[in-house]
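Structure first, then comments.
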There are 2 protein chains.
Amino acid sequence: MYRISEFAAMTGLTKETLRYYAEIKLLEPAYIHPTNHYRYYDDGSFFLADLLVKLRCLGFSIQEMVTVMEDESFENLEALLVEKKNNLQEQMDRLQMKINEIDDFLASGKEEG
Amino acid sequence: MYRISEFAAMTGLTKETLRYYAEIKLLEPAYIHPTNHYRYYDDGSFFLADLLVKLRCLGFSIQEMVTVMEDESFENLEALLVEKKNNLQEQMDRLQMKINEIDDFLASGKEEG
DNA sequence: ATAAACCGTGTGGTGCACTGCACAGTCAAA
DNA sequence: TTTGACTGTGCAGTGCACCACACGGTTTAT
């Protein structure tokens, strides 16, 4: 069982983020001391926190991560990953369109100037 | 000279956005009535507003647009567009990396499952 | 026993780019 | 002249994902 600071160091999340994740029930401590309310995390918590860090890095929003965590068997995870991938692909397409627009903009500027 | 609602309809910006842009001196009305403080816009305003809409669509932040507008001759515009294009390219690269990570994630999941 | 380090709660702040609302003055048409 | 549409100001709120801080209790090491 790890206390919040130790667990923060293990996961790369800050203490504040861990408290926040507990508050919104995204990642609840494995155990909370009944009198002093200290949060304790275990190796199961670590597995989940590690997954959250990965998902966050992939661009998952808090709400999407909540959806992932709500399904303890993670059966939805693959579908959500595929969905996120499509999402990212659309973002890329939009960025490419903007780059093309800038190129047009620059080209038209050169003709006039 | 156009009043704010008419100008909003012309540009596609909302009245509130126009007031906000005036407040932060991104796009100031061509004329402000001295007693009732009504904002009036003209065709020069329209040219600028149209540019702002395009830049916003390209992903320019307010601060970047302010930088563009500060230079009335728009001599910096081309350099800023090139910079923004590189910026967008980097964003695309990061997105591609995330897509690759998801593919790895999905592939590793298939092996184990 | 005491000091340092740690933990809790609660609340407010951050940055971005607006949006919404209340209240009040103003203008245009009938 | 009255009604309704329009405009102004000022300020609070939005969503996201936290961060910072004050204040006070707890634990750990010396």
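Screening B:THR17, B:THR11 for residues that are within 11 Å of DNA strand C (Cβ to nearest atom), within 30 Å of A:GLU90 (Cα to Cα) and modelled with pLDDT of 95 or more leaves exactly one candidate, B:THR17.
Which one is farthest from the chain's Cα centre (by Cα), of the residues in the range A:12-56 that are of a type in the set (S, T, N, Q), open to solvent by 20 Å² or more (accessible area, probe 1.4 Å) and within 29 Å of B:ILE99 (Cα to Cα)? Explain how you work it out, then say what you get.
Going through the range A:12-56, the residues of a type in the set (S, T, N, Q) turn out to be A:14, A:17, A:35-36, A:45.
Restricting the remaining residues to those that are open to solvent by 20 Å² or more (accessible area, probe 1.4 Å) gives A:14, A:17, A:35-36.
Restricting the remaining residues to those that are within 29 Å of B:ILE99 (Cα to Cα) gives A:14, A:17.
Numbers: A:THR14: 14, A:THR17: 12 Å.
Filtering the range A:12-56 for residues that are of a type in the set (S, T, N, Q), open to solvent by 20 Å² or more (accessible area, probe 1.4 Å) and within 29 Å of B:ILE99 (Cα to Cα), the one farthest from the chain's Cα centre (by Cα) comes out as A:THR14.
Note on the range B:83-93: residues that are surrounded by fewer than 13 Cβ atoms within 10 Å (Cβ to Cβ) and either within 21 Å of A:ASN86 (Cβ to Cβ) or hydrophobic (A, V, I, L, M, F, W, C) (or both) amount to 1.
For A:GLY59, the criteria (1) within 16 Å of DNA strand C (Cβ to nearest atom); (2) more than 15 Å from the chain's Cα centre (by Cα); (3) under 22 Å from B:LYS98 (Cα atoms) hold in every case but one, which is (2). Does the range B:71-82 contain at least one residue that is more than 16 Å from DNA strand C (Cβ to nearest atom), under 21 Å from B:THR11 (Cβ atoms) and open to solvent by 70 Å² or more (accessible area, probe 1.4 Å)? Within the range B:71-82, one or more residues are more than 16 Å from DNA strand C (Cβ to nearest atom), under 21 Å from B:THR11 (Cβ atoms) and open to solvent by 70 Å² or more (accessible area, probe 1.4 Å).
Hey, does the range A:67-88 have a residue that's of a type in the set (Phe, Trp, Tyr) and at pLDDT 95 or above?
Going through the range A:67-88, the residues of a type in the set (Phe, Trp, Tyr) turn out to be A:74.
With the extra rule that they be at pLDDT 95 or above, the set shrinks to none.
No, because not a single residue in the range A:67-88 is of a type in the set (Phe, Trp, Tyr) and at pLDDT 95 or above.
What about A:LYS98, is it in contact with a Cys (Cβ under 8 Å, 6 or more places away or on another chain) and open to solvent by less than 70 Å² (accessible area, probe 1.4 Å)? Against the criterion (in contact with a Cys (Cβ under 8 Å, 6 or more places away or on another chain) and open to solvent by less than 70 Å² (accessible area, probe 1.4 Å)), A:LYS98 qualifies. For the range A:21-39, residues that are out of contact with any helix residue (DSSP H, G or I) (no Cβ under 6 Å at 6 or more places or on another chain), within 11 Å of DNA strand D (Cβ to nearest atom) and in contact (Cβ under 8 Å) with a residue 24 or more places away in the chain total 3.
Looking only at helices (runs of 4 or more DSSP H) that lie completely in the range A:12-113, which have at least 2 residues being away from chain B (no Cβ under 13 Å)? Break it down into steps so the answer makes sense when it comes.
Numbers: elements: A:15-23, A:43-57, A:62-70, A:77-112.
Qualifying helices (runs of 4 or more DSSP H): A:15-23, A:43-57, A:62-70.
The values are calculated or read from the model by the stated rules, or taken from the named source; none is laboratory data. Quantities reported herein were computed from a predicted structural model and do not represent experimental measurements. FYI the Cβ positions are ideal-geometry reconstructions off the backbone, even for glycines, and counts take in every protein chain you see. Calculation scope for accessible area: heavy atoms of the full protein, side chains included, ligands and nucleic acids excluded. Shrake-Rupley method; radii C 1.70, N 1.55, O 1.52, S 1.80 Å.
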